[in-house]
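A.B. asks: Take this structure, written in structure tokens, and hold onto it; I'll ask about it next.
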Amino acid sequence: MRSLSLTVLIDSREQTPLLFPGGVTTERATLKTGDYSVLADGVDMRDVVGIERKSVSDLLGCIGGQRDRFERELARLAQFHYRALVIEGTLADLVAATAGRQLTASQVMGSVLAWTFKYSVAPIFAGNRALAATTVATLLRHARYELASRTGCGIAGPAVEPEGRGLS
């Protein structure tokens, strides 16, 4: 079984790009939607694969004052065959971050979970920044399914393992 050639595309506007484990090849690019996409075996898949990454504080801003802009981003992302919203924290982190803000925990949870149905983009709470990088890289490796459908051949590649932990 041959190995999948993978290059993670990082949007040129991404201010704090993730650092990927295991020597993942990256390239800065202009993405119309999302923060991350992929070149798999030389095939540019930024038209069908998109991942939006948010820190907890970024996400709170998107629920508050930047909501309209972010919902337009989610609407564009919903057009992608492979899409994800990866959050650098837990749901508990998100709720805790509402303390002292005008947004309530109920409003925040309601917004994030409603986007699952409204835009077909379920939030993936990665726990922390390092796990968010592993999550994004692993999701992008699954672009092989799209590549296989485009080329008519089966392609398999290994999942990315978090540092110090095996995937089971």
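A.B. asks: Quick one: which of Phe70, Phe80 is within 17 Å of Gln15 (Cβ to Cβ), surrounded by 14 or more Cβ atoms within 10 Å (Cβ to Cβ) and aromatic (Phe, Trp, Tyr)?
C.D. replies: Criteria check complete, one pass: Phe70.
Rundown of residues vs (1) in contact (Cβ under 8 Å) with a residue 60 or more places away in the chain; (2) among the β-branched types (Val, Ile, Thr); (3) under 30 Å from Tyr145 (Cα atoms), yes/no style:
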| residue | (1), (2), (3) |
| --- | --- |
| Phe70 | no, no, yes |
| Leu85 | no, no, yes |
| Ala92 | no, no, no |
| Gln102 | no, no, no |
| Val108 | no, yes, no |
| Ser111 | no, no, no |
| Ala122 | no, no, yes |
| Phe125 | no, no, yes |
| Arg129 | yes, no, yes |
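A.B. asks: I've got another one for you. For the list (1) in a loop (DSSP other than H, G, I, E, B); (2) touching a residue at least 12 places away in the same chain (Cβ under 8 Å), I need the number of the one condition that Arg28 fails.
C.D. replies: Among (1) in a loop (DSSP other than H, G, I, E, B); (2) touching a residue at least 12 places away in the same chain (Cβ under 8 Å), Arg28 violates only (1).
A.B. asks: Go through segment 92-136 and report how many residues are under 17 Å from the mean Cα position of the chain (by Cα) and charged (D, E, K, R).
C.D. replies: Within segment 92-136, residues that are under 17 Å from the mean Cα position of the chain (by Cα) and charged (D, E, K, R) number 1.
A.B. asks: Same structure again: Looking at Thr135, Thr98, Thr116, can you tell me which residue is modelled with pLDDT of 90 or more, assigned to a loop (DSSP other than H, G, I, E, B) and either of a type outside the set (Gly, Ala, Ser) or touching a strand residue (DSSP E or B) at 6+ places or on another chain (Cβ under 6 Å) (or both)?
C.D. replies: Checking each option against the conditions leaves just Thr98.
A.B. asks: For segment 31-49, give me each residue that is in a strand (DSSP E or B) and at pLDDT 95 or above.
C.D. replies: Hits for segment 31-49 are Tyr36, Ser37.
A.B. asks: A follow-up question, please. With the checklist (1) surrounded by fewer than 20 Cβ atoms within 10 Å (Cβ to Cβ); (2) within 30 Å of Gln107 (Cα to Cα); (3) at pLDDT 95 or above; (4) touching a strand residue (DSSP E or B) at 6+ places or on another chain (Cβ under 9 Å) in hand, flag the one item Ala75 doesn't pass.
C.D. replies: (4)
The values are calculated or read from the model by the stated rules, or taken from the named source; none is laboratory data. Please read all numbers here as calculations on a predicted model, not as lab measurements. Cβ: placed from backbone, ideal geometry, glycine included. Neighbour counts: every protein chain shown.
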